[in-house]
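**Q** Quick one: the structure is below, questions incoming.
Please treat every number below as a calculation from the coordinates, not as lab data. Not measured: the values here are computed from a predicted model. Here the Cβ is made from the backbone with ideal geometry for all residues, glycine too, and neighbour counts use every protein chain on show.
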Amino acid sequence: MVRSWQDFDDFDANYPLSFDGTYLDALSSIQDFEVENDIIAEEIDTASWTDSSYFERAQQEFGNGD
């Protein structure tokens, strides 16, 4: 469905199934800003919120769908 209205050379690059360090760093920076500016009351545990172990397990069991 997405490919019907977007021409992506690499779908995984645009819609990753897991968070790499770049995304986690960005989440951390946004969270720091929000805490410092009283937008949110307290920090969340981004490590547990972004746990991608179930994706990794599925890839091990079923492959990448190639």
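**Q** Taking a temperature of 10 °C and a viscosity of 1.306 mPa s, what whole-number D in µm²/s does Stokes-Einstein yield for segment 19-66 with Rh from Kirkwood over alpha carbon pairs? Show your work: numbers first, answer last.
**A** Values: Rh = 12.6 Å.
Rounded, D is 126 µm²/s.
**Q** Set the Förster distance to 30 Å, then compute FRET efficiency between PHE62 and ILE40 from the Cβ-Cβ distance, nearest 0.05.
**A** Numbers: r = 37 Å, r/R0 = 1.22.
Efficiency, from the Cβ-Cβ distance: 0.25.
**Q** Sort TYR54, TYR23 so that the residue with the fewest other Cβ atoms within 10 Å of its own Cβ comes first and the one with the most comes last. Don't skip to the end; give the middle numbers.
**A** Numbers: TYR54 10, TYR23 13.
In increasing order of surrounding Cβ atoms, one gets TYR54, TYR23.
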